[in-house]
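A short write-up of the structure that comes next.
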Amino acid sequence: MAELTEKAREEFLSEAHDIVETLSRNLLLLDAQDRGGERDPSIVNEAFRAVHTLKGLSGLFGAARLGALSHRLEDLLDALRLGKRELSQDVLDILFLAVEVFGEVLEHERAGRDEPIARLDALYAELERLGAGIEQSSVPNIDYELDPGMLAVLTEYEEHRLRSNIEQKMGLYRLRVEFDLVSIDRSLEEIKEKARLHGEIITYLPTGSAASMDKIELDILLASKSDLATLIGVLGSE
């Protein structure tokens with residue numbers, strides 16, 4: 001049993017390392033986009049999801065310091081993805097520092113060392129400084145012309161992205177697509193990549209009906225400046 005526990009712990013540490021590497025790549029993309037004057041909100045969301053996953057794994061395996069750091073960083077990334085804080089070079093510098101500190105915390109975790117980590121305390125101080133400047137963003141009064149059932153199930157992040165796209169005068173389209181159940185994951189990724197060139201998928205929801213038991217039908221809420229005919233041709237919707 002002890003051997004199995006040690007194997008599970010090694011798998012956890014390996015998974016945690018991979019997640020930190022993913023976070024680092026996301027930050028490099030954000031830095032390049034920031035310098036080029038571009039913004040892709042999906043990158044910030046992916047960084048948030050990576051840290052959120054790391055927090056959950058840390059809790060399962062009792063890695064308290066890793067979990068605490070993940071939780072604090074998750075708060076900052078959540079504020080960024082919800083538009084409560086602007087991405088700046090100062091914020092990016094702190095996020096890059098967090099990746100380095102994650103590496104130190106993982107080294108201590110692997111070696112079973114629990115002595116203080118100086119840079120961890122310094123990072124917490126920086127995150128505290130940034131957190132003090134996070135304010136609740138004012139929400140404009142926008143009348144959504146959407147099915148109330150779809151609007152009711154949007155997450156806070158999805159509603160934020162919906163609001164941002166409306167403010168940018170994007171058109172909203174509800175497209176219905178059908179996939180084979182066995183290939184749903186791959187098919188969704190393919191349609192997301194196609195849609196990225198024309199706009200942003202806000203959410204997708206099962207309709208509860210399909211042509212057969214081995215199919216699934218989804219309603220996709222898409223924000224785009226392209227016209228409906230173009231989107232139908234690109235996404236293969238009916």
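The values are calculated or read from the model by the stated rules, or taken from the named source; none is laboratory data. The model shown is predicted, which means the values in this text are computed figures rather than measured ones. Reconstructed Cβ throughout: ideal geometry from the backbone, glycine too, with neighbour counts over all protein chains shown.
Brief remarks follow.
- Take the conditions (1) crowded, with 19+ Cβ neighbours inside 10 Å; (2) farther than 17 Å from ASP93 by Cβ; LEU60 misses just one of them, which is (1).
- For segment 116-134, the criterion of being within 20 Å of ILE232 (Cα to Cα) and at pLDDT below 90 is met by no residue.
- Verdict on LEU80 being in a loop (DSSP other than H, G, I, E, B), modelled with pLDDT under 95 and either aliphatic (A, V, I, L, M) or touching a Gly at 6+ places or on another chain (Cβ under 8 Å) (or both): no
- Qualifying residue in segment 184-193 (condition: of a type outside the set (Val, Ile, Thr), touching a residue at least 24 places away in the same chain (Cβ under 8 Å) and touching a helix residue (DSSP H, G or I) at 6+ places or on another chain (Cβ under 9 Å)): no
- Complete set of residues in segment 83-128 that are out of contact with any helix residue (DSSP H, G or I) (no Cβ under 7 Å at 6 or more places or on another chain), under 23 Å from PRO41 (Cα atoms) and not in a helix (DSSP H, G or I): LYS84, GLU86, SER88
- Comparison of ILE202, ILE216, ILE232 shows that the only residue that is at pLDDT 85 or above and not charged (D, E, K, R) is ILE202.
- Any hit, segment 62-71, residues being within 30 Å of ARG113 (Cα to Cα), free of Cβ contacts under 8 Å to residues at least 12 places away in the same chain and not in a helix (DSSP H, G or I): yes
- Residue in segment 4-12 that is among the β-branched types (Val, Ile, Thr) and surrounded by 16 or more Cβ atoms within 10 Å (Cβ to Cβ) present: no
- Scope segment 104-134; condition farther than 19 Å from TYR157 by Cβ and within 21 Å of the chain's Cα centre (by Cα); matching residues: LEU127, LEU130
- Residues in segment 167-195 that are more than 23 Å from MET213 (Cβ to Cβ), in a helix (DSSP H, G or I) and either modelled with pLDDT of 90 or more or among the hydroxyl-bearing types (Ser, Thr, Tyr) (or both): 0 in all.
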